[in-house]
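Notes follow the structure.
The values are calculated or read from the model by the stated rules, or taken from the named source; none is laboratory data. Source: prediction; values computed, not measured. All Cβ positions, glycine included, derive from the backbone under ideal geometry; neighbour counts span all protein chains shown. Protein only, heavy atoms only, side chains kept; ligands, DNA and RNA dropped before computing areas. Shrake-Rupley method; radii C 1.70, N 1.55, O 1.52, S 1.80 Å.
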Amino acid sequence: MTMYSLDDTITAIATSIGQSGVGIIKMSGPEAYAIAWQIFCPVRNIKALKPYQLHYGQIIDPTSHTLIDEALVVYMPAPHSYTRQAVVEIQSHGSLVALRQILQLTLRLGARLAEAGEMTLRAFLNGRLDLAQAEAVLDIIEAKTEAALRVAAEQLEGTLSTQVSAVRQKLLDTLAFLEASVDFVEDEILAEPVIEPLMAVVNDLTKLLQNADRGLIYRQGLRVAIVGRPNVGKSSLLNGLLQDNRAIVTNIPGTTRDTLEETVNMGGVPVVLVDTAGIRAAPTDEVERIGVARSQAAIARADVTLLVIDGSQPLTSEDWEIEALVRAKSALLVINKCDLPNQIALSDLANFLPHAPHLPISALKNEGLTSLESAIVELALGGQITLADTPLVSHPRHKALLHHALDSTNAAIAAQQTGLSPDLVSIDVRAAVDALGEITGQTVTDDLLETIFSKFCIGK
Ligand SMILES: Nc1nc2c(ncn2[C@@H]2O[C@H](COP(=O)(O)OP(=O)(O)OP(=O)(O)O)[C@@H](O)[C@H]2O)c(=O)[nH]1
Ligand SMILES: [Mg+2]
């Protein structure tokens, strides 16, 4: 892969493919301007594209002189552009044919098709964004709720990077001190200048990690599986939560045969609801057997499971079998059909998913669904539903590295306290420095860069 060449000119359709009012071709690199100038005919008689100004004109094939489309063109010279290279954006109509033809022209004139994420990779390699900020660009593109967008926008602003860099600097100062003291005689070395800053680092890292799980949920969303025996009202519940007639509902047990997924926004959390086939001990046919196996897989994959029971009938052995599947999971018990007389003995209910909150609802009458939504969000976010403080950490990668840095710092403190020599203490401090450097990209491998940037779309 040509990922690390910076000196050629890359080109891509930067907008999504389809029919739209406007579409954008983006070029970055030393030839961007020259290529644009060969295919763009401004309506006004100008000698050159003025930086950061929109120019109106036509895109014309320089060989055949065919008119392709009208366009607006903007030139952003290095280094004040997204990639810090010369960038030209051509805004044509969002016609797939027009965009492809313009792209072909740029390729014919010497540009190379950009790899996924290559524009942002150039921004990173040229020092305009650090790695955490580059990752935030993708998060913004993919954000599914306002809360997710807020977390990503903060990260792009550099809030996380600033804090991580500050902690890393404290560690580097301690490292410098340790390295300087290697030459001293042992009893000359003071412990305080090492222990105190390391304790402060532990404190900072712990704070950063505090809200990490919440950040992860905002970014990745929450998988919620709706399970239960046939006919208890799982699909009705899905429809109720979506406020849409998405799933087929009938009074025939075994209506839902396959899992079905839909995303909703619950209090800022993107929730993927998974409706499943009713689980019964003896499925009647092969299709149903597969459906039941998929339901069990859905339970295994879910972050939260909603076990639905029918409150208008006594609990059955099937209910208890499903309870056993769900017992060890993070779950809520949904007692449906509470518009009908209750038939479940309280003593039975007391032992049924005893550690999960019990929520009476009527999917048919749309009752209790708001409380259920709150309970789901509360379970996911551990009761911290306040949106006031935005979590800074939202990537599993960042969380793991912060934990790694925390462990190494604690190891360094322990090593110092047991009186190990400064060069041994340094090893742990260095490990913490490197872990934090991987968040911002100061210490990073090519493999990691490739993993991160290959998730981007072409043209970003
Ligand atoms: N009275 C009453 N009936 C309900 C309620 N929720 C669902 N039903 C009825 O129960 C029957 C089964 O509903 P579904 O939503 O298809 O049940 P399910 O759990 O998805 O069933 P399977 O897909 O077969 O596993 C339908 O006739 C619904 O109208 C409720 O809250 N009250
Ligand atoms: Mg169903």
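Only one of the listed residues (394, 426, 408, 347) is closer than 30 Å to residue 322 by Cβ and out of contact with any strand residue (DSSP E or B) (no Cβ under 7 Å at 6 or more places or on another chain). That residue is 347. In region 240-248, the condition of being closer than 19 Å to residue 364 by Cβ, within 11 Å of ligand 1 (Cβ to nearest atom), in a helix (DSSP H, G or I) and open to solvent by less than 30 Å² (accessible area, probe 1.4 Å) is met by at least one residue. Set side by side, the residues 388, 350 differ, and just one is out of contact with any His (no Cβ under 8 Å at 6 or more places or on another chain), under 30 Å from residue 226 (Cβ atoms), open to solvent by 10 Å² or more (accessible area, probe 1.4 Å) and modelled with pLDDT under 95, which is 350.
Within region 249-265, the set of residues being more than 19 Å from residue 367 (Cβ to Cβ) and more than 7 Å from ligand 1 (Cβ to nearest atom) comprises 257, 258, 259, 260, 261, 262, 263, 265. Taking each residue of region 135-148 that is modelled with pLDDT of 90 or more and looking for partners that are in a helix (DSSP H, G or I) and β-branched (Val, Ile, Thr) with beta-carbon atoms closer than 8 Å, six or more apart or interchain, yields 135/452; 137/120; 138/120; 139/151. All conditions but one from (1) more than 16 Å from ligand 1 (Cβ to nearest atom); (2) open to solvent by 10 Å² or more (accessible area, probe 1.4 Å) apply to residue 229; the one that does not is (1).
Checked across region 435-443, the condition of being among the small types (Gly, Ala, Ser), over 20 Å from the mean Cα position of the chain (by Cα) and in the same structural domain as residue 147 (by TED's automatic domain parsing) holds for at least one residue. Evaluate region 250-267: report whether one residue or more is under 30 Å from residue 132 (Cβ atoms), away from ligand 2 (no atom under 12 Å from the Cβ), open to solvent by less than 10 Å² (accessible area, probe 1.4 Å) and in a strand (DSSP E or B). Within region 250-267, one or more residues are under 30 Å from residue 132 (Cβ atoms), away from ligand 2 (no atom under 12 Å from the Cβ), open to solvent by less than 10 Å² (accessible area, probe 1.4 Å) and in a strand (DSSP E or B). Of the helices (runs of 4 or more DSSP H) lying entirely inside region 56-167, the ones with 3 or more residues being closer than 30 Å to residue 219 by Cα and open to solvent by less than 50 Å² (accessible area, probe 1.4 Å) are found at 118-125, 131-142, 146-157.
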